[in-house]
Amino acid sequence: MKLVLATSNKGKVREIKAMCRAYEVVPYSELIEPFEIIEDGTTFKANALIKAQAVYRALNDLDALVIADDSGISVDALGGAPGIYSARYGGVGASDRDNLLKVVAELQARGLRSSKAHYTAAIAIMGAMGSFCVHGWMHGEVIDTPRGEGGFGYDPIFIPQGYKQTLGELDEEIKKTISHRAQALELARLILRTLA
Ligand code: ITT
C-alpha cells in the first residue's frame, strides 16, 4: 500500500519511512508541487487533520491514503511552550537551531539548567473512507546545552526518561522505538491494517 506523507520536514520523512517499512512511503512533494498549508488549528490533532486534508484534496486521487504528522515539544518550566508552535518558536522562518536556542535562552532567563518536557505527535490518516487521528508522547527533560548531531529539531537538548544521553547522541534505532512518533505510528498501523 502506498502512503503519501503530507509533510515538508525531512526529519519526519526519514523517521516515518524507517518506521513504516511495510509500506511504500512517498512525500507529497514527489507527486505534486509543494504548497503552503496554513496550520491555524489550536491543537496538534486539528493541525494534523488540516495538513492531511489539504494534501488529500490537492492530490485529487480518491484512492490516495495520506498521512500527516503534527508534533512539538512542551516544556514544563515554560508553561508548556512552545507546544503547537514548536516549528516557529524562534520566529517566522526560524531554523531548528534557532528554535532550540530560544528554549535554551528561555531556560537561562529563568535561572534554570533543565526542565521536564515532553514531545507530542498527532498522526492523521485520511482517505476516501474518512479521517482518523492518533497520538503518541515521549517524556523526558530539556537541558541548556545542546549535545549530539543525531535526530532533528529539539533532539540535541532532549533527554528521554531513563536515559543519560540526548536524542542527538542516542542511536536513532533507540529513538525509533521510544519516540512520540513511534508510539503514534504503532496505533496508526492498526488502522492502516484494517483499511488494506
Ligand atoms: P510539516 O508541517 O511540513 O510536517 P513542520 O516542521 O512545520 O513540518 P510541525 O508544524 O509539526 O512540522 O512542527 C514540528 C516541530 O516540532 C518541528 O519543526 C521540530 O522542531 C519539532 N519536533 C517534532 N518532532 C520532533 C522530533 O522527533 N525531534 C525533534 N524535534 C521535533
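Values for this structure:
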{"item": "Most mobile listed residue (111, 150, 80) in the chain, GNM with C-alpha springs under 10 Å", "result": "111"}
{"item": "Cα gyration tensor shape of the range 1-78, rounded if a/c is under 1.5, else prolate or oblate by comparing a/b with b/c", "result": "oblate"}
{"item": "Gyration tensor verdict on the range 71-111 (Cα atoms; rounded if a/c is under 1.5, prolate if a/b is larger than b/c, oblate otherwise)", "result": "oblate"}
{"item": "Residues of the range 111-147 with amide N under 16 Å of a point placed 7 Å along Cα→Cβ from residue 191", "result": "121-137"}
{"item": "Solvent exposure of the chain as accessible area per residue, Å², 1.4 Å probe", "result": "50"}
{"item": "Range of Cα positions in the range 82-158 per principal axis (Å), largest first", "result": "50, 27, 24"}
{"item": "For residue 9, distant residues with modelled amide H under 5 Å away", "result": "none"}
{"item": "Label-reachable residues, the range 15-57, where backbone N falls under 11 Å from a point 7 Å from residue 152's Cα toward its Cβ", "result": "15-17"}
{"item": "Antiparallel DSSP beta bridges within the range 1-138, percent to nearest 5", "result": "75"}
{"item": "Cα gyration tensor, the chain - rounded (a/c under 1.5), prolate or oblate", "result": "prolate"}
{"item": "FRET efficiency for residue 144 and residue 14, using Cβ-Cβ distance with R0 set to 25 Å, rounded to 0.05", "result": "0.40"}
{"item": "Stretch gain in nm, segment residue 40-residue 92, where the contour uses 0.36 nm per residue and the Cα spacing is subtracted", "result": "17.3 nm"}
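The values are calculated or read from the model by the stated rules, or taken from the named source; none is laboratory data. In this text the structure is predicted, and so the values were computed from the model without any measurement. Cβ sites come from the backbone with ideal geometry, for glycine too, and all protein chains shown count toward neighbours. Accessible surface areas use protein heavy atoms only, side chains included; no ligands, DNA or RNA. Shrake-Rupley method; radii C 1.70, N 1.55, O 1.52, S 1.80 Å.
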